[in-house]
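Here, each number is a calculation from the coordinates, and none is a lab measurement. Here the structure is a predicted model, which is why all the values come from computation and not from measurement. Cβ placement follows ideal geometry from the backbone for every residue including glycine, while neighbour counts extend to all protein chains displayed.
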Amino acid sequence: MSRDRAFFWRRVHSLSGLIPIGVFLLVHFGINYTAFYGEEVYNQAAGLMDQLPFKYALELFVIFIPLLFHGIYGIFIAREAKMKMSVYSYEKNWYFYFQRLSGILVFIFIIWHVWTTRVQVFFGAEVNFQMVSELVANPFFLLFYIIGITMATFHFSNGLRTMLITWGLTVSEHSQKAAKYGAIGVFVLLTGVGMVAIFAFV
Amino acid sequence: MMDERKIHFIISRKNGPSSETYEEEFLIPYRPSMNIITALMEIRKNPYTKDGQKTNPVEWESVCLEEVCGACSMLVNGKPRQACSTQVDQLEQPVRIAPLSAFPVERDLIINRKKMFEGLRKVKAWIEVDGTYDLGPGPRMAEKDRRWAYELSKCMTCGLCFEACPNVNDRSGFIGPAPLSQVRLFNNHPTGKMQAHERLDRIMLEDGLTSCGNSGNCVRACPKEIPLTTSIADLNRQATIHSFKRFFG
């Protein structure tokens, strides 16, 4: 029998959402949250990340390559679906739909976010409290941040729920339901952290 | 006293596989406890449209009339249903009837469900019992397993899960929920188990298990209440273990 690699790459796609992207998301949110304690603490935390050893290798293999792979392959996966939300307006189907929608929106957000922060470093800017607060001073950009953060936390927490199904951990209906409540908890908590962080810059 | 009520039907029609689709409206005399099949039979008896024009009777398929054969699948007010078990009394009027969109239409409401049967063949949804001599009785099955396996065996390949699944379409080639659930059924059977690895190898190809996006529509559409999403999650577990064993030995 001919063997294609679809299974392998789909599982890599599934895993990459948690490791490393999900883990990075949590670290990123943790650092953002320090803005709640003031400008100085935030600049210190951001500076610490800047001084990590093997910074470029970490950025490349932990952030950029996994994100590009997950995002681009994800768009191909999303393209397979033909939605009929008016006929099948069920809870899980809405999750299915929003998982695809949020993935595409967050991908666009991340491109803009990387351009306005990390890429600007090459043009002589410094990533610090002042940079972010100048960005969110524009209400349009602040709104974009709020949408981007919410889409990211939804995509991550719903992805966790479906990942448990994809790998065969939650098989029974009641375990899937428990995982759903867990995912809702993760979503509420992470969105809260994200909102506290972004409004600390306003 | 005669009941003068009429039921308004709008039916999507097609004269042949490559003809254009058109709509015709019918007014059918009401009877209590009517289902879609009895309504269609009324049209066959008296094939006149709402405007009094004579027309060809609407063609459809049905066999058992008790929701066991899976032949009378169609869209009733947009939802995939078995026509025989859909009560007219419970529907909003006008009642819109159309063929399923996930399969090629042969004529009017008749669809060709060939891709479902091809799916079953791809995944070897059978038990190999043939030998050149009497192989004797197979191993026994535990009662508690038989009980849930029986639920999966109720699948009548009606195609409603294909219709409801957002990932069954011409863009994906996904083999669909029903054949996957049959893999779980036959992989659990004491004799069928002997080909479990072959079935898993097959559903781990591009058109298989990984094309499921967990929308959960299939289980909502299934008229036999087969736990399709549980089946798929269980196959995910089997495939995870199988893939590790296949690579690491």
GNM flexibility winner over chain A from A:Phe109, A:Phe96, A:Phe122 (Cα, springs under 10 Å): A:Phe122
Residue-averaged beta-carbon neighbours from other chains (10 angstrom radius) around A:79-85: 6
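With the Cα gyration tensor of the stretch A:7-142 giving a ≥ b ≥ c as the square roots of its eigenvalues, does the rule (a/c under 1.5 for rounded; else a/b larger than b/c for prolate; else oblate) give rounded, prolate or oblate?
Details: a/c = 2.32, a/b = 1.65, b/c = 1.40.
Prolate.
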Top of A:Asn138, A:Asn158, A:Asn32 by mean-square fluctuation, Gaussian network on chain A, Cα under 10 Å: A:Asn138
Per DSSP, loop GluC sites (Glu not before Pro) in the stretch B:60-146 with at most 12 further Cβ within 10 Å: B:Glu66, B:Glu92
Hz values of 3J(HN,Hα) by residue in the stretch B:83-91 - Karplus curve (6.51, -1.76, 1.60), Gly and Pro given as x: 4, 5, 9, 9, 7, 4, 4, 9, 10
Assigned charges on the beta-carbon of Lys, Arg, Asp, Glu; the protein assembly as shown dipole about Cα centre (debye): 900
Cα-Cα separations in the protein assembly as shown greater than 42 Å, expressed as whole percent: 33
24 Å tail of the calculated P(r), chain B, as % of Cα pairs: 53
Hydrodynamic radius (Kirkwood) for the stretch B:114-248, which is based on Cα pairs only, to one decimal in Å: 15.4
Test item: Cα-centred dipole of the stretch B:136-210, Lys/Arg +1 and Asp/Glu -1 on Cβ, debye: 400
At least 18 Å along the helix axis (C-alpha) and Kyte average at least -1.0, DSSP helices within chain B: B:228-248
Other protein chain Cβ atoms within 10 Å, averaged over every residue that makes up B:220-227: 1
Per-residue Cβ neighbour rank within 10 angstrom, fewest leading, A:His155, A:His113, B:His8, A:His174: A:His174, B:His8, A:His113, A:His155
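Work out, in µm²/s and without decimals, the Stokes-Einstein translational diffusion coefficient of the stretch B:1-113 at 37 °C, 0.692 mPa s, Rh from Kirkwood over C-alpha pairs.
So the translational diffusion coefficient is about 231 µm²/s.
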Proximal lysines to B:Lys79, defined as alpha-carbon separation beneath 24 angstrom and excluding residues fewer than eight positions away on the same chain: A:Lys82, A:Lys84, A:Lys92, B:Lys6, B:Lys14, B:Lys50, B:Lys114, B:Lys115, B:Lys154, B:Lys224
Sequence of B:Asp51, A:Asp4 once ranked by neighbouring C-beta atoms within 10 Å, starting from the fewest: B:Asp51, A:Asp4
Whole-number percent relative contact order across the stretch B:153-211, with pairs defined as alpha carbons under 8 Å at least 6 apart: 32
GNM result for chain B, Cα springs below 10 Å: residue of B:Gly52, B:Gly176, B:Gly136 fluctuating most strongly: B:Gly136
Averaged over A:167-176, number of beta-carbon atoms from partner chains that fall within 10 Å: 5
Isolated Cys residues of chain B, judged by Cβ distance under 4.7 Å to other cysteines: B:Cys72, B:Cys84, B:Cys155, B:Cys158, B:Cys165, B:Cys212, B:Cys222
Extension gain from A:Arg5 to A:Arg79, taking 0.36 nm per residue of separation minus the Cα-Cα distance: 24.7 nm
Listed residue (B:Leu160, B:Gln82, B:Thr38) projecting farthest to the positive dipole end of chain B, Cβ model: B:Leu160
Unit charges at the beta carbon, dipole of the protein assembly as shown: most positive-side option, B:Gly213, B:Tyr133, B:Pro57: B:Tyr133
The stretch B:1-52: C-alpha gyration tensor shape, a/c 1.5 cut-off, then a/b vs b/c: prolate
